[in-house]
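All remarks here apply to the structure that follows.
Read the figures in this text as sums done on the coordinates, not as results from a lab. Owing to the predicted nature of the structure, the values given are computational and were not obtained by experimental measurement. Using ideal geometry, Cβ is built from the backbone for each residue, glycine included, and neighbour counts are taken over all protein chains shown.
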Amino acid sequence: MSPSRAAVYRMRTTVISGLLALPSALLAQEAAPPEYVSTKLSDTVTMIEGRGGNVAVSSGEDGVFVIDDQFADISSALLEEVARLTGEPIRFLINTHYHGDHVGGNTAFAEKGAVIIAHDNVYQRMSTEQFSSFMNSTTEPWPTGALPVISFSERMSLRMNGEIAAIHHVANAHTDGDSIIHFPVSNVIHMGDTFFNGFYPYIDLDGGGSINGFIGALETGISLADANTKIIPGHGPVTDVAGLKSYREIVIKARDSVQALVDQGKSLEEAIAAKPTAQWDEAMGKGFIGPAQLVTFIYNSLTGVGSFTRIEANTAASH
Ligand SMILES: [Zn+2]
């Protein structure tokens, strides 16, 4: 056993010791959990960083509700972390969108009694087979127990723990089912994946995302915030409205640069070769989304292609 394997084994042993009440079949599917980092952002709201999308928990006199639940194979460990923070049953779970690194824990959370809430299109996509051109993969429909029980079209309010948490649908942004959740008293906003703090955005064109909707979502987040608002991105560290505004400026400039190339009649390959995002590539293009992929999302979105185009340059630029 290598040192790293030994470390993983120790982590696994530690977590399993707290989960003896769970069925063995469920334990067998569990991956080694991440080391969770939980940050209290207000009297009631805490952010949890682990593996997958950032989670937020509101806990107070009315109980617990959770925003997003990372991957299926670490759902027991995330439930343990939420229990450690709150010590109460989870009443509601909100999914910011349908991706598996945000909804993977749904079945396990629902089995614990959480009522799942999401936009209508999250229900629609989770209940049917989905193909992603970008991932080049098909996702089977989720089991019934993982699906949202309550869905909504535009806005929803959750009155809990001393404030009205406002759930805002933002259209055709990262996907076609994105929600931004605003806690006005706590002064916290969860942006879902309409904000990748420190990284180029992933725009899921097959999932109904678009560059202009993505910018619109950033505008909505900015309009809800003040100078003291704590802003939770879908991925990356917590930040403030200044961080969100500078991200918006970069995304707008990237959009405008690609639009100029489209207007000049450049092909997608020519637009990528022109490196329109070069000034930010070092700082923001080293993550999940590289410059060629970002330009492809923007180009295809602006020209109405509506899905990711696989080209040779993506492989070279992805790492
Ligand atoms: Zn996502």
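Considering Lys266, Lys253, which residue is within 26 Å of Ser132 (Cβ to Cβ) and more than 16 Å from the ligand (Cβ to nearest atom)? After applying the criteria, what remains is Lys266.
Scanning the range 183-198 for residues that are away from the ligand (no atom under 12 Å from the Cβ) and either surrounded by fewer than 24 Cβ atoms within 10 Å (Cβ to Cβ) or farther than 25 Å from Asp226 by Cβ (or both) yields Pro184, Val185, Ser186, Asn187, Asn197, Gly198.
Using beta carbons and a limit of 8 Å, which pairs, at least six apart or on different chains, have the first residue in the range 84-106 and touching a residue at least 60 places away in the same chain (Cβ under 8 Å) and the second one basic (Lys, Arg) and within 14 Å of the ligand (Cβ to nearest atom)? From residues that are touching a residue at least 60 places away in the same chain (Cβ under 8 Å), the pairs are Tyr98/Arg125. Of the residues in the range 71-85, at least one is closer than 29 Å to Gly208 by Cα and within 16 Å of the ligand (Cβ to nearest atom). No other residue among Ala173, Ala165, Ala225, Ala217 is in contact (Cβ under 8 Å) with a residue 24 or more places away in the chain and surrounded by fewer than 24 Cβ atoms within 10 Å (Cβ to Cβ) apart from Ala225. Among the candidates Thr128, Thr107, Thr86, Thr138, which residue alone is over 28 Å from Phe308 (Cα atoms) and out of contact with any helix residue (DSSP H, G or I) (no Cβ under 9 Å at 6 or more places or on another chain)? Criteria check complete, one pass: Thr86.
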